[in-house]
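Reviewing the structure listed below.
The values are calculated or read from the model by the stated rules, or taken from the named source; none is laboratory data. None of the values given here were measured: they were computed from a predicted structure. In this analysis, Cβ positions are derived from the backbone assuming ideal geometry, glycine residues included, and neighbour counts consider all displayed protein chains.
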Amino acid sequence: MKLPLLHINGSGQPFIWMHGMLNSVESDSLYSLIDFELLSKLVSVIRYNTCDKSVSGDYSWDATTEELLQVAKAQNYQSMILGGCSMGSGAAIHAAIRAPHKVKALVLITPPPAWEKRAEVKTVYKKIVSRLHQNSIPEFLKRLIAQNQDPPEFYEREHPGTRQRLLEYRLFFDPGYYPKIYTGGAASDLPDREQIAGINVPTLIVAHLNDPNHPLEIAQEINSLIKGSELVTVSDYQEYLNLQKKVSNFISSVQSDNKS
């Protein structure tokens, strides 16, 4: 397996972050619900583009989990915190189940539709793939991606123009990337509820209250399944700022627990 280029900032405990679908290191550097610069003062933040954005990559969550574990192995990480957004949080959960001895904590940002709610998503993704081709991005897909109200309105008001710049990143992949990423999404789901209930590490779950693509019910159910996990919701800019303190405190507490 050819491993992706790593972007590492900070030092100390490894914190590996996996981006969401149609996102990248570049777009996450423009906007993310968590502040990587702030985190890099506490831990070593490791980010990378899944499959290096390759048009031949396997973007199913089983494969992206394997890529994550191979990155950790190549870096000789014996202990790590995992974080991810949407698709990336799915890989983090899978990795915590597959390598429980290595994963010391989880930061799950806007977990994706799963289980019963995943069936409709898979159907939509398969329909999208059936209309895609390798040499250009169809207008229908451009319109579909443009409908995504990301970043949230409260963030766009404080940082005008972010939404347009984020859209440009999401439309800048090679045309052959889109069939691959949607095929991967259509083949993926979270682990069974019983498996998630077996996760036994500090877990912080973050949900955006006005995000129909990432149902609050999924975040709530993961919270109920993982014993001792904490769910934080964000709906305005002040709560976004408060979240940065919450994440920093969470990471600091994990590090303290690991030293004891």
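Of all residues in region 104-117 being touching a His at 6+ places or on another chain (Cβ under 8 Å) and on the phi < 0 side of the Ramachandran plot, which is surrounded by the fewest Cβ atoms within 10 Å (Cβ to Cβ)?
Only one residue fits best here, namely P113.
Considering only residues that are without any contact (Cβ under 8 Å) to a residue 24 or more places away in the chain and either on the phi > 0 side of the Ramachandran plot or polar (S, T, N, Q) (or both), which ones fall in region 163-198?
Within region 163-198, just Q164 meets the criteria.
If D257 satisfies every condition in (1) surrounded by fewer than 17 Cβ atoms within 10 Å (Cβ to Cβ); (2) under 17 Å from the mean Cα position of the chain (by Cα); (3) touching a residue at least 24 places away in the same chain (Cβ under 8 Å) but one, which is the exception?
Unmet for D257, out of (1) surrounded by fewer than 17 Cβ atoms within 10 Å (Cβ to Cβ); (2) under 17 Å from the mean Cα position of the chain (by Cα); (3) touching a residue at least 24 places away in the same chain (Cβ under 8 Å): (2).
So in region 118-132, with the set limited to residues that are surrounded by 14 or more Cβ atoms within 10 Å (Cβ to Cβ) and basic (K, R), which one is farthest from Y59 (Cα to Cα)?
R118
Those residues that are within 21 Å of Y77 (Cα to Cα) and touching a residue at least 40 places away in the same chain (Cβ under 8 Å), I need them from region 33-58; list them, please.
Scanning region 33-58 gives L39, L42, V43, I46, R47, Y48, N49, T50, C51, D52.
Does region 234-242 contain at least one residue that is within 22 Å of L30 (Cβ to Cβ), surrounded by 17 or more Cβ atoms within 10 Å (Cβ to Cβ) and touching a Leu at 6+ places or on another chain (Cβ under 9 Å)?
yes
Need the failing condition index for I205 against (1) crowded, with 20+ Cβ neighbours inside 10 Å; (2) more than 16 Å from the chain's Cα centre (by Cα), just the number.
The one condition I205 does not meet is (2).
Run down Y155, Y177 and say which single residue is aromatic (F, W, Y) and under 27 Å from R98 (Cβ atoms).
Y177
Pick out, from region 1-103, the strands (runs of 3 or more DSSP E) lying fully within it that include 1 or more residues that are buried (at least 18 other Cβ atoms within 10 Å of the Cβ) and at pLDDT 95 or above.
14-18, 44-48, 80-85
In region 113-135, what residues are at pLDDT 95 or above, assigned to a loop (DSSP other than H, G, I, E, B) and either polar (S, T, N, Q) or touching a Gly at 6+ places or on another chain (Cβ under 6 Å) (or both)?
none
Can you tell me which residue in region 155-199 is surrounded by the most Cβ atoms within 10 Å (Cβ to Cβ), limited to those that are polar (S, T, N, Q) and farther than 22 Å from D62 by Cβ?
Once the filter is applied, the top-ranked residue is T162.
Those residues that are touching a Gly at 6+ places or on another chain (Cβ under 8 Å), closer than 23 Å to G184 by Cβ and hydrophobic (A, V, I, L, M, F, W, C), I need them from region 26-58; list them, please.
Result: C51, V55.
Give region 168-200 a look and list any residue that's touching a Leu at 6+ places or on another chain (Cβ under 6 Å) and among the aliphatic types (A, V, I, L, M), or say none.
Passing the criteria: I196, A197.
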